[in-house]
């Protein structure tokens, strides 16, 4: 935990955490953490290097660019995501696209250039491996707040610890997950997932945070499979916000014809 405190508190340059009497409600904590994670700026772009390490220590890398655009003017509404893969050769030109909805299942597409095939990803598959990594498809755009009940399990000097339980347990493989929300920045710096027997089996950690255009931004993170010993590290570079992404690039047409101007 000390490393997380160092990265989040020192690199972001925050002040002293709020006092107990100033503590926000659980709903406020959840909304602020969700906003920090997915809604900074009206849109954004980042280059990402993904390093997948299996239990034997063997590594694979993938490089991609992710584009994100908020659809509605109102705070924290619907969004669109476009993920374009550059390397290695076997995933070059592959595209993953998400239309994130608030009151229904998200729409997800995967374009496979080798087959020239656009595949719809069913809602039942959203918690399966994202391109062979330890992250899930759902992790790209985030889990919708109303899908879980949220309670404050603990408050420490640096964190709000939330316990989050799915309202429809049949749709997910976990029984609940805990999130450590940094009190000064509201960045979720650690998330632990527990299986149906109550055992930890999956853990997300923030490894680095930077200030970019005034926004505290996670630039390195890791997802670990605690059962197999595998892990995936994401490193973000060339992060930019408010670049004016047009809405039309988040359409099926651009799955086959990449908007290269915005991917450079």
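The values are calculated or read from the model by the stated rules, or taken from the named source; none is laboratory data. Values in this document were obtained by computation on a predicted structure and should not be read as measured data. Here the Cβ is made from the backbone with ideal geometry for all residues, glycine too, and neighbour counts use every protein chain on show.
The set of residues in the range 55-76 that are under 21 Å from the mean Cα position of the chain (by Cα), in contact (Cβ under 8 Å) with a residue 40 or more places away in the chain and outside any strand (DSSP E or B) comprises 71, 75, 76.
Restricting the range 206-264 to residues that are in a loop (DSSP other than H, G, I, E, B) and touching a helix residue (DSSP H, G or I) at 6+ places or on another chain (Cβ under 8 Å) leaves a set whose member that is surrounded by the most Cβ atoms within 10 Å (Cβ to Cβ) is 245.
What do you reckon, is residue 150 in contact (Cβ under 8 Å) with a residue 40 or more places away in the chain and under 18 Å from the mean Cα position of the chain (by Cα)? Break it down into steps so the answer makes sense when it comes.
Values: in contact (Cβ under 8 Å) with a residue 40 or more places away in the chain: yes; under 18 Å from the mean Cα position of the chain (by Cα): no.
Judged against the criteria, residue 150 is not a match.
Which ones in the range 165-179 are part of a strand (DSSP E or B) and either farther than 11 Å from residue 143 by Cβ or in contact with a helix residue (DSSP H, G or I) (Cβ under 8 Å, 6 or more places away or on another chain) (or both)? Explain how you work it out, then say what you get.
Let us first name the residues in the range 165-179 that are part of a strand (DSSP E or B), namely 165-166, 176-179.
Across the range 165-179, the qualifying residues are 165, 166, 176, 178, 179.
Of the residues making up the range 170-195, those that are surrounded by fewer than 19 Cβ atoms within 10 Å (Cβ to Cβ) and free of Cβ contacts under 8 Å to residues at least 24 places away in the same chain are 170, 175, 194, 195.
Criterion applied to 227, 192 was being under 25 Å from residue 51 (Cβ atoms) and either at pLDDT below 95 or more than 18 Å from the chain's Cα centre (by Cα) (or both), and the one residue passing it is 227. For the range 138-149, a residue qualifies if it is surrounded by fewer than 16 Cβ atoms within 10 Å (Cβ to Cβ) and within 19 Å of residue 198 (Cβ to Cβ), and exactly one does: 149.
The single residue among 212, 249, 181, 243 that is more than 21 Å from residue 83 (Cα to Cα) and in contact with a strand residue (DSSP E or B) (Cβ under 7 Å, 6 or more places away or on another chain) turns out to be 181.
When residue 169 is tested against (1) farther than 25 Å from residue 109 by Cβ; (2) in contact with a strand residue (DSSP E or B) (Cβ under 7 Å, 6 or more places away or on another chain), only condition (2) is not met.
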